[in-house]
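Inspection log for the structure reproduced underneath, given as structure tokens.
Nothing in this text is a laboratory measurement; each read-out follows from the coordinates by a stated rule. The shown structure was predicted, so the numbers you read here are calculated from the model rather than taken from an experiment. Note that we place each Cβ from the backbone using ideal geometry, even for glycine, and neighbour counts take in every protein chain shown.
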Amino acid sequence: MAVGIVALAAVLGAGCAAVPAAPLPPWLQSTAVAGAPSEAGSATSQPPTPQQRAQRCDIAGGDTALVNPAVVGLDVEQVQRAVGVAAQSGASSLRVYRHDCLVAKSLADTVTERMRLPLWSLTKGLVALVAGRAVTLGFAHLDDSIGKYLPNVDELHSRITIRHLLTQTSGLRFAWANDVTAGGVGNSVDYALALPFDHEPGSYFEYAQVTVSLLAAVVASAVGQPFAEFAQRNLFDPLGIADAEVAWATDAAGNTLGYAFAEATPVALGKIGSLLLRNGVFDGRQLISERFVQEARSSSPANPKYGFLMWTNQGSWGFTGSELTRRRSTQRWMQGAPQDAFGLTGMLEQYVIVIPSTDMVIVRTGFFGPTGWKYDLMSALGRAVQDQDVPTPAPYVEEPIFEVTLESLGKAIDLDTWQLASSP
């Protein structure tokens, strides 16, 4: 995929002041907003007023026009620097929002912003939001047993609750290769319900896979309709996200795969970020209860870095989501970002990053970038904020490189349950 290059708006709508005229670097593209002067050089050199900086945009109306960062209190040069870093990270899409205004995006977004792109484990966060919608509408409660909604669940597995599945604390045995195999060729829900317990539910964090498909099945049963259909009609439609903008994968038995393989457009992900930023409110409607969103973005008891299938900066330490083994980390989830940052993330560095304290959302899709690019991006965006004090981030600390060992390989493949996982 093409590597993103920053494109910033050089002018604003009629009546709004623009950034001081200055030579633009060769790679910076000027994109005019409807009603604005047609050339960057025609912009006034007066800085925006506080009223202009308070501008909010209509993300609910699908507005994807670029807005001058200065109008929402951001330093243009720092925004250029921030997005330039990310643009060289292998991004297929990069979008930065403040006050719901799109202030920067990659040049690649002119092609990709309405393309469905693979989300990998960011899918998990979408499942959490769909579950949140079901809870908000009264179809289910966080501490309900899954046995209330699924037939033929034995007494032992009935101890698992919706909350346990959201916090990755089901206690079920996990082996990565087994989970992926079950999701690909078998019935992932039956597989999950046949797994033995290695831990008491609620006591131990394990970044599992098919347990999220189990959660999707619970939601579908609770609402009385297919998971994807409920998600579209009750969450995505109110967000202005069309059917064609999101796609879900299923296993061989037709169960929605909740742990990965969904696709969504970057524009749709921007709306998801806005929903989280506004504590479940979108276009004046409380789609997901504020209480659910607050719990989703907060540390859970078994992992201070993890909430409801999404990551949080609240925890100064926590357990990683390594695909092979669980590791204790002493670093925050998103180094360089404020402590209230949280978000959805997937393999190959897919992100919806939400920062309530600075009223920002960052969407990034693509491939792995160079070490430290996220810290450089977050630090530059923090420096870009001009209308409030943003704490200087702690110095970057490189995480240890994960090493595959015989122990981790043994954990990745559980021979005792391999036949169960690979059975159609």
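Counting only residues at least eight positions apart within a chain, or on another chain, the lysines with an alpha carbon under 23 Å from that of K148 are K124.
Filter the chymotrypsin sites (Phe, Trp or Tyr not before Pro) in segment 219-299 down to the DSSP loop ones having no more than 16 other Cβ atoms within 10 Å, then list what survives.
Numbers: sites: F227, F230, F236, W248, Y259, F261, F282, F292; in loops: W248, Y259, F261.
When the chymotrypsin sites (Phe, Trp or Tyr not before Pro) of segment 219-299 are filtered for loop state and at most 16 Cβ neighbours within 10 Å, nothing remains.
When peptides 391-398, 365-372 are sorted by average Cβ neighbour count within 10 Å, with the highest value leading, the order is 365-372, 391-398. For K105, the lysines whose Cα comes closer than 19 Å to its Cα, not counting residues fewer than 8 places off in the same chain, are K271, K374. Each label point was placed 7 Å from the Cα along the Cα-to-Cβ direction; for F368 and S316 their separation is 3.0 nm. In this label model, T64 and R173 are separated by 4.7 nm, measuring between points 7 Å along each Cα→Cβ vector. Of the GluC sites (Glu not before Pro) found in segment 287-383, none is in coil by DSSP with at most 12 other Cβ atoms within 10 Å of its Cβ.
Determine, from the Cβ-Cβ distance of R116 and A252 and an R0 of 30 Å, the FRET efficiency 1/(1 + (r/R0)^6), rounded to the nearest 0.05.
Values: r = 22 Å, r/R0 = 0.74.
About 0.85, to the nearest 0.05.
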